[in-house]
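A quick write-up on the structure given underneath.
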Amino acid sequence: GLDVDVVSGSRGSVAPPDRCNCLMLPTVMCDQVFTFDGASFIDTIPRPASITEDAFGDAARELFFRVMQLTDNVGSEPEHRAINYLTLRYPAVYALVMDMYAADKSLVGVDVHPSRLSLHRDIVQVIFSFVDRKTDVTEKFFARVDVTEKWIFLVSKLSPFYDR
């Protein structure tokens, strides 16, 4: 199976070479550690009624591995922290991607931009782009996430996004 470990905390200085087998790795003061297996996580993804169970299993596994590529970061940037939060703590992202898959649309991009709502807080909007596999028309959805402090939270749920 595939075990996943997620560490949430504060990054410190680089550890001395004799501590990490001569690797220059940052130290982390852990606040939370999440450990789960990939198969159990995949089982929690909601299945759209229009997809058969067999097709859904294959699509859900592919989705999980794509999302794991998005979260291949140390969380040092606000964009990384927002994406990490949404992919681990907001199941509506998976429901959206599966619904789009059922509608013959593919996830082609995830972008993060500062929100215009961020006057005194660090709020970003995470934009998910989907392309129709038949017409090449792009459809976008976004969620706003507050990444000001250590504990990240959702500001607005997934909604259609329109370029301005």
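The values are calculated or read from the model by the stated rules, or taken from the named source; none is laboratory data. Computed from a predicted structure; not experimentally measured. Every residue, glycine as well, gets a Cβ built from its backbone with ideal geometry; the counts of neighbours run over all protein chains shown. Ligands, DNA and RNA are stripped out before the accessible areas are found, and what is left, the full protein with its side chains, is counted by its heavy atoms. Shrake-Rupley method; radii C 1.70, N 1.55, O 1.52, S 1.80 Å.
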Which whole-number percent of Cα pairs in region 80-164 have a distance greater than 16 Å? 51
FRET efficiency, 1/(1 + (r/R0)^6) with R0 25 Å, evaluated for Thr148 and Met68 via beta carbons: 0.45
222 nm mean residue ellipticity, helices alone, for the chain (DSSP H n ≥ 4; -39,500 (n - 2.57); rounded to 500): -9000 deg cm²/dmol
May I ask you to list the lysines whose Cα is less than 29 Å away from that of Lys134, ignoring any residue fewer than eight positions away on the same chain? Lys105, Lys157
For region 70-164, give the magnitude of the charge dipole about the Cα centre (Cβ charges: +1 Lys/Arg, -1 Asp/Glu; no others), in debye to the nearest 20. 260
Just how large is the dipole of the chain about the Cα centre, in debye to the nearest 20, putting +1 at every Lys and Arg Cβ and -1 at every Asp and Glu Cβ? 560
I'd like the distance between the alpha-carbon centres of region 1-39 and region 70-133, rounded to an integer number of Å. 23
Return the carbon/sulfur percentage of the accessible area of the chain, one whole number, probe 1.4 Å, all protein chains in place. 53
Kindly rank 91-99, 14-22, 72-80 from highest to lowest mean number of other beta carbons found within 10 Å of each residue. 91-99, 72-80, 14-22
Debye-sum result for the chain in log10 I(q)/I(0), which assumes one identical scatterer on each alpha carbon, at q = 0.17 Å⁻¹: -1.10
Relative frequency of Cα-Cα separations exceeding 15 Å in region 60-104, percent: 44
